[in-house]
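Colleague: Before we start, here is the structure in question, set down as structure tokens.
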Amino acid sequence: MLGRLNHVAIAVPSLEQGIRTYRDVLGAKVSRPQAEPAHGVTVVFVELPNTKIELLEPLGDASPIKGFLDKNPSGGIHHVCYEVADIIAARDRLKAEGARILGDGEPRIGAHGKPVLFLHPKDFSGTLVELEQA
Ligand code: CO
């Protein structure tokens, strides 16, 4: 069911500082910041040869990563994103296995313009998992 590792997401208190670290210190290619009001975050993608790093900064007071940053003030790994060929088939299989899908269980359009779902960390070794239809 699982395809490629699409990205690892890191929550950061300051996107500007995160960009500086990845672009200027580590010498990576970093995309332009993209506001995602529907997800309560502003994101950039760091392009690596085999995957991406997604840097997330809270957007708005109701940002879903605000609580995470309150607990991890210097930032931290927030989720991993795996590609699947068919997100509805993946969701239905996971539900049948007893895994919990976050939200209303319907895929939403993610930062790449593709359908995504998030899975409950308690069902996946304490890791928030995002599935993206490739
Ligand atoms: Co993501």
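The values are calculated or read from the model by the stated rules, or taken from the named source; none is laboratory data. Since the structure is predicted, the reported quantities are computational estimates derived from the model, not experimental observations. Reconstructed Cβ throughout: ideal geometry from the backbone, glycine too, with neighbour counts over all protein chains shown. Note: areas computed on protein heavy atoms with side chains; ligands, DNA, RNA excluded. Shrake-Rupley method; radii C 1.70, N 1.55, O 1.52, S 1.80 Å.
Colleague: Which residues, counting only those in region 1-22, are over 11 Å from the mean Cα position of the chain (by Cα) and not in a loop (DSSP other than H, G, I, E, B)?
Modeller: Scanning region 1-22 gives Leu5, Leu15, Glu16, Gln17, Gly18, Ile19, Arg20, Thr21, Tyr22.
Colleague: Among all residue pairs at least 6 apart or on different chains, which show Cβ distances below 6 Å where the first residue, located in region 1-25, is open to solvent by 50 Å² or more (accessible area, probe 1.4 Å) and the second is among the acidic types (Asp, Glu)?
Modeller: Qualifying pairs under 6 Å: Arg4/Glu83.
Colleague: Looking for something at pLDDT 95 or above and either among the hydroxyl-bearing types (Ser, Thr, Tyr) or within 22 Å of Gln17 (Cα to Cα) (or both) - is there at least one such residue anywhere in region 88-103?
Modeller: Looking for residues that are at pLDDT 95 or above and either among the hydroxyl-bearing types (Ser, Thr, Tyr) or within 22 Å of Gln17 (Cα to Cα) (or both), one finds none in region 88-103, hence no.
Colleague: Next question, about the same structure. Can you tell me which residues in region 41-65 are modelled with pLDDT under 95 and over 20 Å from Asn6 (Cβ atoms)?
Modeller: Those that are modelled with pLDDT under 95 and over 20 Å from Asn6 (Cβ atoms): Gly60, Asp61, Ala62, Ser63.
Colleague: Of all residues in region 106-122, count the ones that are at pLDDT below 95 and among the hydrophobic types (A, V, I, L, M, F, W, C).
Modeller: Final tally of qualifying residues: 2.
Colleague: Shifting gears a bit: Sort out for me the strands (runs of 3 or more DSSP E) sitting completely within region 42-134 that have 3 or more residues that are within 16 Å of the ligand (Cβ to nearest atom) and open to solvent by 30 Å² or more (accessible area, probe 1.4 Å).
Modeller: Working: elements: 52-58, 76-84, 115-119, 129-133.
Hits in region 42-134: 52-58, 76-84.
Colleague: Among the residues in region 26-33, are any among the hydroxyl-bearing types (Ser, Thr, Tyr), within 14 Å of the ligand (Cβ to nearest atom) and not in a loop (DSSP other than H, G, I, E, B)? Even if it seems obvious, please write down each step before you answer.
Modeller: Step one: list which residues in region 26-33 are among the hydroxyl-bearing types (Ser, Thr, Tyr), which gives 31.
Subset that is within 14 Å of the ligand (Cβ to nearest atom): 31.
Now narrow it down to the ones that are not in a loop (DSSP other than H, G, I, E, B): none.
Looking for residues that are among the hydroxyl-bearing types (Ser, Thr, Tyr), within 14 Å of the ligand (Cβ to nearest atom) and not in a loop (DSSP other than H, G, I, E, B), one finds none in region 26-33, hence no.
Colleague: Another question, if that's okay. Starting from region 107-119, keep only residues that are farther than 15 Å from Asp92 by Cα, then list their pairs with residues that are surrounded by fewer than 14 Cβ atoms within 10 Å (Cβ to Cβ) and polar (S, T, N, Q) whose Cβ atoms are within a distance under 9 Å, requiring at least 6 positions of separation or different chains.
Modeller: So the pair list comes out as Ala111/Gln34.
Colleague: Kindly establish whether Glu16 is within 23 Å of Pro121 (Cβ to Cβ) and acidic (Asp, Glu).
Modeller: In short, no.
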